[in-house]
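Have a look at the structure below before the remarks.
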Amino acid sequence: MIKTNNNKNSADIPDRKELEEELRIAKEVAEKDNANTGFILRNIVENLPQYVYWKDKKGVYLGGNKRSLELVNLTSIKDLIGKTDYDFGWDETRVKKLKEVDNLILETGISSVAEDPIPVNGVMKILLTSKTPMRDSDGNRIGVLGISADITDRKKMEEELRVAKEAAEAANHAKTEFIA
């Protein structure tokens, strides 16, 4: 009498070729998923309404989205790659401040959020800029990622509200004095 282990026979055990084929298929699916994920992430970044860009440790631009190109009057990402903040005609004070912030982020690993006035086509814009260190797979800081949103209109409305509030307070004070 032949005994089988747990009522299993040799037909239930996949052979090596079947396992290798399943592994090959699993790897193909994973590669496609990775490619799709990369495409999807690039598409998301490319179409964000914010200005997105990234630089290496030396301040050299490695990439950005369409919106970031508008900020510096470029039409192709190829024109942005390899440039530094010195290449955009900004005054020395602005470039120095940008470099100081980037260096601080790289040294400390701490992100930064700040308002950033910037000339765009002869008009001063105010951006709310978040910068954070980019890291490699080992966690080493390898550059800076920046994301900026145009808050010019919001800042203008805040100023208009401040002026209106002061006018209302002055009118209220004048009314109080008149009644007294």
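Just checking, which of K175, K83, K96 is open to solvent by 70 Å² or more (accessible area, probe 1.4 Å) and at pLDDT 90 or above? Spell out the reasoning first.
Working: K175 fails: at pLDDT 90 or above; K83 fails: open to solvent by 70 Å² or more (accessible area, probe 1.4 Å).
Result of the check over K175, K83, K96: K96.
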Checklist entry - What number of residues within segment 61-73 satisfy the criterion of being crowded, with 18+ Cβ neighbours inside 10 Å and outside any helix (DSSP H, G or I)? => result 4
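Hey, can you tell me all the residues within segment 25-55 that are open to solvent by less than 40 Å² (accessible area, probe 1.4 Å), without any contact (Cβ under 8 Å) to a residue 60 or more places away in the chain and among the β-branched types (V, I, T)? It would help to see each step written out before you state the result.
First, pick out the residues of segment 25-55 that are open to solvent by less than 40 Å² (accessible area, probe 1.4 Å): 38, 51-53, 55.
If we keep only those that are without any contact (Cβ under 8 Å) to a residue 60 or more places away in the chain too, we end up with 38.
Correct list: empty.
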Checklist entry - Which of (1) open to solvent by 60 Å² or more (accessible area, probe 1.4 Å); (2) touching a strand residue (DSSP E or B) at 6+ places or on another chain (Cβ under 8 Å); (3) within 22 Å of L106 (Cα to Cα) does K58 not meet, given it meets every other one? => result (2)
Item to check | Checking T75 against (1) more than 18 Å from the chain's Cα centre (by Cα); (2) touching a residue at least 24 places away in the same chain (Cβ under 8 Å), the condition it does not meet | outcome: (2)
Checklist entry - Yes or no: I142 open to solvent by 50 Å² or more (accessible area, probe 1.4 Å) and closer than 19 Å to V45 by Cβ? => result yes
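Within segment 78-88, how many residues are touching a Gly at 6+ places or on another chain (Cβ under 9 Å) and touching a residue at least 12 places away in the same chain (Cβ under 8 Å)?
Step one: filter segment 78-88 for residues touching a Gly at 6+ places or on another chain (Cβ under 9 Å), giving 80-81, 84-86.
Filter once more, keeping what is touching a residue at least 12 places away in the same chain (Cβ under 8 Å): 80-81, 84-85.
Within segment 78-88, residues that are touching a Gly at 6+ places or on another chain (Cβ under 9 Å) and touching a residue at least 12 places away in the same chain (Cβ under 8 Å) number 4.
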Item to check | Which numbered condition I151 fails, given (1) closer than 27 Å to N47 by Cβ; (2) modelled with pLDDT of 95 or more; (3) of a type in the set (A, V, I, L, M); (4) open to solvent by less than 40 Å² (accessible area, probe 1.4 Å) | outcome: (2)
Checklist entry - In segment 107-123, what residues are open to solvent by 70 Å² or more (accessible area, probe 1.4 Å) and in contact (Cβ under 8 Å) with a residue 24 or more places away in the chain? => result E115, N121
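The values are calculated or read from the model by the stated rules, or taken from the named source; none is laboratory data. Everything numeric in this text was worked out from a predicted model, so none of it was measured. With ideal geometry, Cβ positions are generated from the backbone for all residues, glycine too; neighbour counts draw on all protein chains shown. Side chains included, ligands, DNA and RNA excluded: accessible areas come from the protein's heavy atoms. Shrake-Rupley method; radii C 1.70, N 1.55, O 1.52, S 1.80 Å.
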